[in-house]
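**Student:** The structure that follows is given in the form of structure tokens.
The values are calculated or read from the model by the stated rules, or taken from the named source; none is laboratory data. Bear in mind the structure is a predicted one, so any value in this text is a computation, not a measurement. Here the Cβ is made from the backbone with ideal geometry for all residues, glycine too, and neighbour counts use every protein chain on show. Surface accessibility is based on the protein's heavy atoms, side chains included, excluding ligands, DNA and RNA. Shrake-Rupley method; radii C 1.70, N 1.55, O 1.52, S 1.80 Å.
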Amino acid sequence: MNFKEIMEKYEENYFNIKKLDELLDSSSDFDSWLSNMRTRALKLQEFYSIDNQLLDEICNYSKEEILNEEEAKALEEGIDKLYDDYVMDASFLYPILLKLIHYYEEKNNIEKLIELYYVAFYLLNESERRSANLDADLTYQYKILALKDHYQELPLISRRKFFLVYYNLSSVCLGMNSTVTPEESIKWYKEARDFFYSDLVQSIDKDTDRIVELFETIEYDWIAVIDRANELSSEGREEVFKVIDKLYKEELLNGNEFEMDSFVFSSNLEKERLLNHITLEECINRYLEYYRYNLNTFDGEYNQENYYTFMESPIAIERWLSQSLDNSFRRKVFNEINEAFMSKYKHYFGVVPTPFIYSVLAEWCECSIKYLVDSKEKEEAIFNLIVKNQIPTYLHSVMVMKLSKKLFEVAYKENKSLFDNIPLEYDDLREFVKKSALLHDIGKVKITNVINKQGRRLSDMEFKGISLHPEFGIDLVKDDPDLRKYMDIILYHHKWYDGTKGYPKGDMNTKSPYRIIIDIVSIADCMDAATDDLGRNYKSSKDVLTVIEEFISDSGTRYNPDLVKILSESKELIKEFTIITKEKRAHYMYEAYMEARALIKE
């Protein structure tokens, strides 16, 4: 198979996987859903095997030393097509990019290098690091900026890349963990401004719409750095305030204040508050007026522009609201913005990239927990905003819950002393086990792009992202006294029983008061993964007895020996596990799928 055929086959499989998901979503009853689910499972195994072979061929091809002009052109065309079709897979494309970059560096072809450097940055960050919630790799951004002296020689499409780099460095990367600090963001903005107004750029692109508009976008998005004003120096604050003033006055010239850009409006309010020109409550009430106006004048068309107004505005309001000492005021405002948020977010699935929606759902969940009164309300918020909105993870969590509940019931009956360290009665303890199992994977909300890659094996970087999901998960519960009890199960369900292996690092799972619950969920988690014949695509499913034999082999190291003994010796439990994983799996998963789909589409 030649290179072109490899690329075409990989792209074909990529879109076939999407079609399988669409087919599943169109299922109207259990029989059609199960038929589509089984077809999907078989096809995914087939695509997984083929794509891994294609990936190996690409990696081998990229190691070949010889590359002529004709081959380089063919590689570029292949990458451009996949890039244009949004088949942005770093594991597949990056080895080819490296080969091309090396070729054009030797040729000193600046135009080609700028394009390839930018694609490489995008692949490594948007497709891999950002989706795995990791810090950005800025190497290729710096390589592009090092070529600024060639600005005059380049076509418009290449010249724009310099400002796209400045946009990433000043705004986008500021939101990627600790990649860029607020002070560094200011430095990049000022460098972008100086470059834009330099004689070099102005002599060519002073009136070039695509350059002017891009620089304006840099300014508009960069002012969001004011949300981290406490990390800025006094000089840094003054710089941000100056730009906010400029943009706010320009927006006012266009008419109604409530129709201006949401970033400009909220940033100006924050500036006025920080300068003590308005109180916190005045700031909140003013933004509420802005939000209500936009809700009332909404034309019903959901798009990326109003996504920021409707989805980000409640979060902006809550940042101020959390600082208010008036509890009745806080509750009243929260109820209003929560109702608006919950009525809007579902409409943006399919309109904006799904990871953006999951990210804002996670953030809103963290916000809303502060205002909910009892633990049941808080748990429901997590289930409805996070768990059920990630359908693949929810199906798995439901299965883990069924298995955990049954393992607990038999273990409690056989050896009640295992639970002596947890001061709960039987019914409360069983409920705690069920909810712990349902919540164990909530951290995957921050790495949805990775867990949704089902066409090939994961890269090292993607697996690193996967291994961080327990730590991402505890961010949602650690600060709340009603939810903190689930923290150890969320954090340690991938740790070995003896603490020697698994993730995260350390052996603190062995010291947890909830160690027995961690061990129950861990066994149930592994049992579901190993016996799943409908959702997993990277290996064939096993029967319950085979998995129990594996548990026995690792008893005392990976798995709790008391639980393994109970499971391996209890005919009742083996029978129940077989029923859950085989006879009832499809029904349990169908019910969970339809429940989650109804929540998203209601």
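**Student:** Of all the residues that make up the range 222-251, how many are among the acidic types (Asp, Glu), open to solvent by 30 Å² or more (accessible area, probe 1.4 Å) and more than 28 Å from the chain's Cα centre (by Cα)?
**Tutor:** 4
**Student:** Tell me which of these Asn254 doesn't satisfy, since it passes every other one: (1) open to solvent by 50 Å² or more (accessible area, probe 1.4 Å); (2) in contact with a helix residue (DSSP H, G or I) (Cβ under 9 Å, 6 or more places away or on another chain); (3) within 22 Å of Gln304 (Cα to Cα).
**Tutor:** Against the list (1) open to solvent by 50 Å² or more (accessible area, probe 1.4 Å); (2) in contact with a helix residue (DSSP H, G or I) (Cβ under 9 Å, 6 or more places away or on another chain); (3) within 22 Å of Gln304 (Cα to Cα), Asn254 comes up short only on (2).
**Student:** For Lys332, all conditions in the list (1) in contact with an Asp or Glu (Cβ under 8 Å, 6 or more places away or on another chain); (2) free of Cβ contacts under 8 Å to residues at least 60 places away in the same chain hold save one; what is the number of the exception?
**Tutor:** Among (1) in contact with an Asp or Glu (Cβ under 8 Å, 6 or more places away or on another chain); (2) free of Cβ contacts under 8 Å to residues at least 60 places away in the same chain, Lys332 violates only (1).
**Student:** If I filter the range 322-373 down to residues being acidic (Asp, Glu) and part of a helix (DSSP H, G or I), which single residue comes out as farthest from Leu476 (Cα to Cα)?
**Tutor:** The extreme case among them is Glu336.
**Student:** Identify the single condition in (1) more than 27 Å from the chain's Cα centre (by Cα); (2) part of a helix (DSSP H, G or I); (3) surrounded by fewer than 20 Cβ atoms within 10 Å (Cβ to Cβ) that Thr557 does not satisfy, given that it satisfies every other one.
**Tutor:** Thr557 satisfies all of (1) more than 27 Å from the chain's Cα centre (by Cα); (2) part of a helix (DSSP H, G or I); (3) surrounded by fewer than 20 Cβ atoms within 10 Å (Cβ to Cβ) except (2).
**Student:** Then there's this: Can you pull out the residues in the range 155-184 that are over 23 Å from the mean Cα position of the chain (by Cα) and open to solvent by less than 10 Å² (accessible area, probe 1.4 Å)?
**Tutor:** Ser158, Phe162, Phe163, Tyr166
**Student:** Would you confirm, using the coordinates I've provided, whether Tyr308 is hydroxyl-bearing (Ser, Thr, Tyr), closer than 30 Å to His347 by Cβ and open to solvent by 50 Å² or more (accessible area, probe 1.4 Å)?
**Tutor:** yes
**Student:** Further question on the same structure: Can you tell which of Ile574, Ile566, Ile600, Ile518 is part of a helix (DSSP H, G or I) and over 24 Å from Lys435 (Cβ atoms)?
**Tutor:** Sole residue among the options that is part of a helix (DSSP H, G or I) and over 24 Å from Lys435 (Cβ atoms): Ile574.
**Student:** Hey, another quick one. Starting from residues that are of a type in the set (Ser, Thr, Tyr) and buried (at least 20 other Cβ atoms within 10 Å of the Cβ), keep the ones in the range 469-511 and report whichever is farthest from the chain's Cα centre (by Cα).
**Tutor:** Tyr497
**Student:** Can you work out which of the residues in the range 364-409 that are of a type in the set (Asp, Glu) and open to solvent by 20 Å² or more (accessible area, probe 1.4 Å) is nearest to the chain's Cα centre (by Cα)?
**Tutor:** Once the filter is applied, the top-ranked residue is Glu366.
**Student:** Examine the range 271-282 for a residue that is exposed (fewer than 14 other Cβ atoms within 10 Å of the Cβ) and under 23 Å from Val360 (Cβ atoms), and state whether such a residue exists.
**Tutor:** Among the residues of the range 271-282, not one is exposed (fewer than 14 other Cβ atoms within 10 Å of the Cβ) and under 23 Å from Val360 (Cβ atoms), which makes the answer no.
**Student:** Pick out the one residue from Ile101, Ile79, Ile58, Ile96 that is surrounded by 15 or more Cβ atoms within 10 Å (Cβ to Cβ) and over 23 Å from Asn13 (Cβ atoms). Don't jump to the end; show me each part of the working.
**Tutor:** Values: Ile79 fails: over 23 Å from Asn13 (Cβ atoms); Ile58 fails: over 23 Å from Asn13 (Cβ atoms); Ile96 fails: over 23 Å from Asn13 (Cβ atoms).
Among Ile101, Ile79, Ile58, Ile96, only Ile101 is surrounded by 15 or more Cβ atoms within 10 Å (Cβ to Cβ) and over 23 Å from Asn13 (Cβ atoms).
**Student:** Does any residue of the range 526-548 turn out to be open to solvent by 50 Å² or more (accessible area, probe 1.4 Å) and in a helix (DSSP H, G or I)?
**Tutor:** Looking for residues that are open to solvent by 50 Å² or more (accessible area, probe 1.4 Å) and in a helix (DSSP H, G or I), one finds at least one in the range 526-548, hence yes.
**Student:** Can you pull out every residue in the range 438-466 that is at pLDDT 75 or above, β-branched (Val, Ile, Thr) and surrounded by fewer than 23 Cβ atoms within 10 Å (Cβ to Cβ)?
**Tutor:** Ile466
**Student:** Please return the ranges of helices (runs of 4 or more DSSP H) entirely within the range 422-505 where 3 or more residues are under 21 Å from Leu385 (Cβ atoms), in the same structural domain as Thr393 (by the TED database) and among the β-branched types (Val, Ile, Thr).
**Tutor:** Correct list: 448-451.
Residue by residue, here is whether (1) more than 23 Å from Lys501 (Cα to Cα); (2) at pLDDT 95 or above; (3) among the small types (Gly, Ala, Ser) holds:
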{"site": "Ser522", "(1), (2), (3)": "no, yes, yes"}
{"site": "Arg536", "(1), (2), (3)": "yes, no, no"}
{"site": "Val547", "(1), (2), (3)": "no, yes, no"}
{"site": "Asp554", "(1), (2), (3)": "no, yes, no"}
{"site": "Asn560", "(1), (2), (3)": "no, yes, no"}
{"site": "Lys571", "(1), (2), (3)": "yes, yes, no"}
{"site": "Thr578", "(1), (2), (3)": "yes, yes, no"}
{"site": "Lys584", "(1), (2), (3)": "yes, yes, no"}
{"site": "Glu591", "(1), (2), (3)": "yes, yes, no"}
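**Student:** Assuming Lys4 fulfils every condition listed in (1) in contact with a helix residue (DSSP H, G or I) (Cβ under 9 Å, 6 or more places away or on another chain); (2) modelled with pLDDT of 85 or more apart from one, which condition is it?
**Tutor:** All conditions are met except number (2).
**Student:** So, one more: If we keep just the residues of the range 563-598 that are of a type in the set (D, E, K, R) and buried (at least 18 other Cβ atoms within 10 Å of the Cβ), which is farthest from Lys406 (Cα to Cα)?
**Tutor:** Checking each candidate, the answer is Arg585.
**Student:** Tell me whether the range 209-221 contains one or more residues that are more than 23 Å from Tyr118 (Cα to Cα) and either part of a helix (DSSP H, G or I) or open to solvent by 10 Å² or more (accessible area, probe 1.4 Å) (or both). Spell out the reasoning first.
**Tutor:** Start the filter on the range 209-221 by keeping residues that are more than 23 Å from Tyr118 (Cα to Cα), which leaves none.
Looking through the range 209-221, none of the residues is more than 23 Å from Tyr118 (Cα to Cα) and either part of a helix (DSSP H, G or I) or open to solvent by 10 Å² or more (accessible area, probe 1.4 Å) (or both).
**Student:** State whether the residues of the range 393-404 include one that is part of a helix (DSSP H, G or I) and either touching a strand residue (DSSP E or B) at 6+ places or on another chain (Cβ under 7 Å) or closer than 30 Å to Asn306 by Cβ (or both).
**Tutor:** Initial filter on the range 393-404 (part of a helix (DSSP H, G or I)): 393-404.
Those left that are additionally either touching a strand residue (DSSP E or B) at 6+ places or on another chain (Cβ under 7 Å) or closer than 30 Å to Asn306 by Cβ (or both): 393-394.
Within the range 393-404 (the criterion being part of a helix (DSSP H, G or I) and either touching a strand residue (DSSP E or B) at 6+ places or on another chain (Cβ under 7 Å) or closer than 30 Å to Asn306 by Cβ (or both)), the answer is yes, since at least one residue qualifies.
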